[in-house]
Amino acid sequence: MFVTFEGVDWSGKSTQAELLVAWLREQGRTVLSTREPGGTPVGEAVRQVVLHGHDMTPWAEAALYAAARADHVERAIRPALERGEDVVCDRYIDSSVAYQGVARGLGEDKVLELNLTVTRGLLPDRTFLVLLDPEEARGRGGGDPDRIEREGEDFMRRVDAAYRSLAAVSPTRIVALEGARPADEIAEEVREHIRRIL
Ligand code: TYD
(Lines give C-alpha, C1' and ligand atoms only; values in the text may rest on other atoms or scores of the structure.)
Protein backbone atom coordinates (compact mmCIF):
# COMPACT_ATOMS: atom_id res chain seq x y z
CA MET A 1 0.00 0.00 0.00
CA PHE A 2 1.31 3.40 -1.01
CA VAL A 3 -0.04 6.29 1.09
CA THR A 4 0.87 9.97 0.89
CA PHE A 5 0.11 12.99 3.05
CA GLU A 6 -0.43 16.47 1.65
CA GLY A 7 -1.29 19.93 2.90
CA VAL A 8 -0.06 23.50 3.11
CA ASP A 9 3.07 24.19 5.18
CA TRP A 10 2.36 23.72 8.92
CA SER A 11 -0.95 21.94 8.29
CA GLY A 12 0.08 19.08 10.58
CA LYS A 13 0.46 16.50 7.80
CA SER A 14 3.91 15.34 8.98
CA THR A 15 2.53 14.53 12.43
CA GLN A 16 -0.25 12.52 10.79
CA ALA A 17 2.22 10.65 8.58
CA GLU A 18 4.27 9.72 11.67
CA LEU A 19 1.18 8.59 13.60
CA LEU A 20 0.05 6.36 10.72
CA VAL A 21 3.54 4.83 10.37
CA ALA A 22 3.59 4.02 14.11
CA TRP A 23 0.14 2.43 13.95
CA LEU A 24 0.92 0.34 10.85
CA ARG A 25 4.07 -0.96 12.58
CA GLU A 26 2.01 -1.84 15.65
CA GLN A 27 -0.14 -3.94 13.32
CA GLY A 28 3.02 -5.86 12.40
CA ARG A 29 3.44 -4.31 8.96
CA THR A 30 6.76 -3.33 7.45
CA VAL A 31 6.70 0.33 6.50
CA LEU A 32 9.01 2.57 4.54
CA SER A 33 8.53 6.00 6.11
CA THR A 34 9.83 8.69 3.80
CA ARG A 35 9.40 12.26 2.62
CA GLU A 36 9.79 14.56 -0.36
CA PRO A 37 11.97 16.19 -1.37
CA GLY A 38 14.27 13.59 0.16
CA GLY A 39 14.29 9.88 0.80
CA THR A 40 17.53 9.17 -1.09
CA PRO A 41 20.94 10.86 -1.06
CA VAL A 42 20.06 12.64 -4.33
CA GLY A 43 16.68 13.66 -2.94
CA GLU A 44 18.22 15.07 0.25
CA ALA A 45 20.80 16.98 -1.82
CA VAL A 46 18.04 18.44 -4.01
CA ARG A 47 16.17 19.40 -0.82
CA GLN A 48 19.10 21.55 0.23
CA VAL A 49 19.28 23.28 -3.16
CA VAL A 50 15.58 23.86 -3.60
CA LEU A 51 14.73 24.89 -0.01
CA HIS A 52 17.91 26.49 1.24
CA GLY A 53 19.79 27.50 -1.92
CA HIS A 54 19.68 30.32 -4.43
CA ASP A 55 16.60 31.84 -5.93
CA MET A 56 15.61 30.01 -9.13
CA THR A 57 13.06 30.08 -11.92
CA PRO A 58 9.74 28.26 -11.44
CA TRP A 59 10.59 25.58 -14.01
CA ALA A 60 14.01 25.01 -12.45
CA GLU A 61 12.19 24.46 -9.16
CA ALA A 62 9.62 22.09 -10.72
CA ALA A 63 12.35 20.15 -12.52
CA LEU A 64 14.39 19.76 -9.33
CA TYR A 65 11.42 18.41 -7.37
CA ALA A 66 10.73 16.04 -10.27
CA ALA A 67 14.39 14.93 -10.39
CA ALA A 68 14.38 14.15 -6.68
CA ARG A 69 11.10 12.27 -7.09
CA ALA A 70 12.37 10.20 -10.03
CA ASP A 71 15.31 8.97 -7.96
CA HIS A 72 13.14 8.42 -4.89
CA VAL A 73 10.56 6.33 -6.77
CA GLU A 74 13.03 4.10 -8.60
CA ARG A 75 15.49 3.60 -5.75
CA ALA A 76 13.25 3.55 -2.68
CA ILE A 77 9.47 3.59 -3.18
CA ARG A 78 8.98 1.09 -6.01
CA PRO A 79 11.48 -1.44 -4.57
CA ALA A 80 9.71 -1.30 -1.18
CA LEU A 81 6.29 -1.80 -2.80
CA GLU A 82 7.72 -4.73 -4.80
CA ARG A 83 8.96 -6.30 -1.56
CA GLY A 84 5.36 -6.09 -0.32
CA GLU A 85 6.01 -3.30 2.17
CA ASP A 86 3.82 -0.29 2.84
CA VAL A 87 5.15 3.12 1.89
CA VAL A 88 4.06 6.27 3.73
CA CYS A 89 5.38 9.42 2.10
CA ASP A 90 5.15 12.97 3.43
CA ARG A 91 4.34 14.88 0.17
CA TYR A 92 4.40 13.54 -3.41
CA ILE A 93 3.16 14.53 -6.89
CA ASP A 94 0.17 16.52 -5.59
CA SER A 95 2.63 18.91 -3.90
CA SER A 96 4.22 19.69 -7.25
CA VAL A 97 0.85 20.14 -8.94
CA ALA A 98 -0.38 22.49 -6.18
CA TYR A 99 2.82 24.47 -5.51
CA GLN A 100 4.50 24.57 -8.93
CA GLY A 101 1.56 23.85 -11.26
CA VAL A 102 -0.96 26.19 -9.66
CA ALA A 103 0.69 28.54 -7.13
CA ARG A 104 3.71 29.21 -9.36
CA GLY A 105 1.44 29.25 -12.41
CA LEU A 106 3.24 26.65 -14.53
CA GLY A 107 0.03 24.81 -15.36
CA GLU A 108 -1.26 21.78 -13.52
CA ASP A 109 -1.44 19.58 -16.63
CA LYS A 110 2.17 20.24 -17.60
CA VAL A 111 3.49 19.64 -14.11
CA LEU A 112 1.40 16.50 -13.72
CA GLU A 113 2.62 15.19 -17.08
CA LEU A 114 6.26 15.80 -16.15
CA ASN A 115 5.79 13.97 -12.87
CA LEU A 116 3.88 11.03 -14.34
CA THR A 117 6.69 10.66 -16.89
CA VAL A 118 9.53 10.63 -14.34
CA THR A 119 7.70 8.26 -11.95
CA ARG A 120 6.44 5.98 -14.76
CA GLY A 121 2.91 6.72 -13.64
CA LEU A 122 3.16 5.73 -9.98
CA LEU A 123 0.25 7.24 -8.04
CA PRO A 124 -0.58 6.56 -4.37
CA ASP A 125 -3.39 4.18 -3.36
CA ARG A 126 -4.57 6.84 -0.89
CA THR A 127 -3.65 10.46 -0.27
CA PHE A 128 -4.64 12.19 2.96
CA LEU A 129 -5.03 15.91 2.49
CA VAL A 130 -4.87 17.79 5.79
CA LEU A 131 -6.90 20.95 5.30
CA LEU A 132 -6.13 24.01 7.36
CA ASP A 133 -6.83 27.64 6.66
CA PRO A 134 -3.51 29.09 5.40
CA GLU A 135 -3.69 31.93 7.90
CA GLU A 136 -4.09 29.51 10.79
CA ALA A 137 -1.31 27.34 9.40
CA ARG A 138 0.97 30.32 9.18
CA GLY A 139 0.32 31.11 12.82
CA ARG A 140 1.76 27.70 13.71
CA GLY A 141 4.95 28.35 11.78
CA GLY A 142 8.12 29.36 13.48
CA GLY A 143 11.86 29.17 13.29
CA ASP A 144 13.84 29.86 10.17
CA PRO A 145 11.53 29.75 7.10
CA ASP A 146 12.77 27.99 3.95
CA ARG A 147 12.57 29.41 0.41
CA ILE A 148 8.97 28.24 -0.13
CA GLU A 149 7.78 29.22 3.35
CA ARG A 150 9.02 32.77 2.70
CA GLU A 151 6.37 33.14 -0.04
CA GLY A 152 3.48 35.28 1.13
CA GLU A 153 0.00 34.44 2.21
CA ASP A 154 -1.43 34.74 -1.33
CA PHE A 155 0.89 31.96 -2.43
CA MET A 156 -0.32 29.66 0.37
CA ARG A 157 -3.93 30.54 -0.47
CA ARG A 158 -3.33 29.43 -4.06
CA VAL A 159 -1.76 26.20 -2.80
CA ASP A 160 -4.73 25.58 -0.50
CA ALA A 161 -7.25 26.23 -3.28
CA ALA A 162 -5.31 23.94 -5.62
CA TYR A 163 -5.36 21.11 -3.10
CA ARG A 164 -9.09 21.49 -2.56
CA SER A 165 -9.77 21.27 -6.27
CA LEU A 166 -7.47 18.24 -6.64
CA ALA A 167 -9.49 16.51 -3.91
CA ALA A 168 -12.71 17.38 -5.74
CA VAL A 169 -11.51 15.80 -9.00
CA SER A 170 -10.01 12.66 -7.36
CA PRO A 171 -12.48 11.90 -4.55
CA THR A 172 -11.54 8.21 -4.37
CA ARG A 173 -7.79 8.61 -4.06
CA ILE A 174 -7.70 11.85 -2.09
CA VAL A 175 -9.30 11.93 1.36
CA ALA A 176 -9.70 15.48 2.68
CA LEU A 177 -9.41 15.82 6.46
CA GLU A 178 -10.38 18.82 8.54
CA GLY A 179 -7.04 19.75 10.09
CA ALA A 180 -8.22 22.18 12.79
CA ARG A 181 -8.91 19.34 15.23
CA PRO A 182 -6.79 17.48 17.79
CA ALA A 183 -4.14 15.33 16.12
CA ASP A 184 -5.41 12.07 17.66
CA GLU A 185 -8.91 12.66 16.29
CA ILE A 186 -7.55 13.19 12.77
CA ALA A 187 -5.31 10.12 13.17
CA GLU A 188 -8.34 7.99 14.06
CA GLU A 189 -10.11 9.13 10.89
CA VAL A 190 -7.01 8.20 8.87
CA ARG A 191 -6.94 4.74 10.47
CA GLU A 192 -10.64 4.20 9.67
CA HIS A 193 -9.91 4.82 5.99
CA ILE A 194 -6.84 2.60 6.04
CA ARG A 195 -8.66 -0.29 7.73
CA ARG A 196 -11.02 -0.36 4.75
CA ILE A 197 -8.19 -0.97 2.28
CA LEU A 198 -5.93 -3.27 4.35
P1 TYD B 1 8.07 19.98 3.86
O2 TYD B 1 8.99 18.82 3.97
O3 TYD B 1 6.64 19.76 4.13
O4 TYD B 1 8.61 21.19 4.71
P5 TYD B 1 9.15 21.21 6.19
O6 TYD B 1 10.25 20.20 6.30
O7 TYD B 1 9.63 22.62 6.31
O8 TYD B 1 7.98 20.87 7.04
O9 TYD B 1 8.14 20.53 2.36
C10 TYD B 1 9.14 21.30 1.89
C11 TYD B 1 8.62 22.42 1.03
O12 TYD B 1 8.72 22.07 -0.35
C13 TYD B 1 7.19 22.84 1.27
O14 TYD B 1 7.16 24.24 1.37
C15 TYD B 1 6.47 22.43 0.02
C16 TYD B 1 7.53 22.40 -1.03
N17 TYD B 1 7.32 21.42 -2.12
C18 TYD B 1 6.99 21.87 -3.39
O19 TYD B 1 6.84 23.09 -3.61
N20 TYD B 1 6.85 20.97 -4.41
C21 TYD B 1 7.02 19.63 -4.21
O22 TYD B 1 6.89 18.84 -5.15
C23 TYD B 1 7.36 19.17 -2.89
C24 TYD B 1 7.56 17.73 -2.62
C25 TYD B 1 7.49 20.11 -1.86
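The values are calculated or read from the model by the stated rules, or taken from the named source; none is laboratory data. This is a predicted model, so every value here is computed, not measured. So basically every Cβ, Gly included, is an ideal-geometry build from the backbone, and we count neighbours across all protein chains shown. Accessible surface areas use protein heavy atoms only, side chains included; no ligands, DNA or RNA. Shrake-Rupley method; radii C 1.70, N 1.55, O 1.52, S 1.80 Å.
Looking across region 18-36, just one residue is within 10 Å of the ligand (Cβ to nearest atom) and either open to solvent by 50 Å² or more (accessible area, probe 1.4 Å) or part of a helix (DSSP H, G or I) (or both), and that is Arg35.
Do the conditions hold for Gly101, that is, is it outside any helix (DSSP H, G or I), open to solvent by less than 20 Å² (accessible area, probe 1.4 Å) and under 30 Å from Asp144 (Cβ atoms)?
Numbers: outside any helix (DSSP H, G or I): no; open to solvent by less than 20 Å² (accessible area, probe 1.4 Å): yes; under 30 Å from Asp144 (Cβ atoms): yes.
So Gly101 fails the test.
Within the option set Val73, Val87, being open to solvent by less than 10 Å² (accessible area, probe 1.4 Å) and touching a Phe, Trp or Tyr at 6+ places or on another chain (Cβ under 7 Å) holds for one residue only, Val87.
Looking only at region 131-144, which residues are open to solvent by 90 Å² or more (accessible area, probe 1.4 Å) and over 20 Å from the mean Cα position of the chain (by Cα)? Answer for region 131-144, where residues must be open to solvent by 90 Å² or more (accessible area, probe 1.4 Å) and over 20 Å from the mean Cα position of the chain (by Cα): just Asp144. Contact map, region 74-103: first residue at positive phi, second residue in a strand (DSSP E or B), Cβ cut-off under 8 Å, separation 6 or more or different chains; pairs are Arg91/Thr4; Arg91/Phe5; Arg91/Glu6; Arg91/Arg35. Residues in region 52-98 that are β-branched (Val, Ile, Thr) and either part of a helix (DSSP H, G or I) or within 18 Å of Thr40 (Cα to Cα) (or both): Val73, Ile77, Val87, Val88, Ile93, Val97.
In a helix (DSSP H, G or I) and under 16 Å from the mean Cα position of the chain (by Cα) - does that describe any residue in region 145-156? Checking region 145-156: at least one residue is in a helix (DSSP H, G or I) and under 16 Å from the mean Cα position of the chain (by Cα). Figure legend. Inter-residue proximity from region 4-18: first residues without any contact (Cβ under 8 Å) to a residue 24 or more places away in the chain, second residues of a type outside the set (Val, Ile, Thr) and open to solvent by 10 Å² or more (accessible area, probe 1.4 Å), beta-carbon distance below 8 Å, spacing 6+ or different chains. Indicated pairs: Glu18/Ser33.
Residue by residue, here is whether (1) within 25 Å of Glu188 (Cα to Cα); (2) open to solvent by less than 30 Å² (accessible area, probe 1.4 Å) holds:
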{"site": "Val111", "(1), (2)": "no, yes"}
{"site": "Thr117", "(1), (2)": "no, no"}
{"site": "Leu122", "(1), (2)": "no, yes"}
{"site": "Asp125", "(1), (2)": "yes, no"}
{"site": "Phe155", "(1), (2)": "no, yes"}
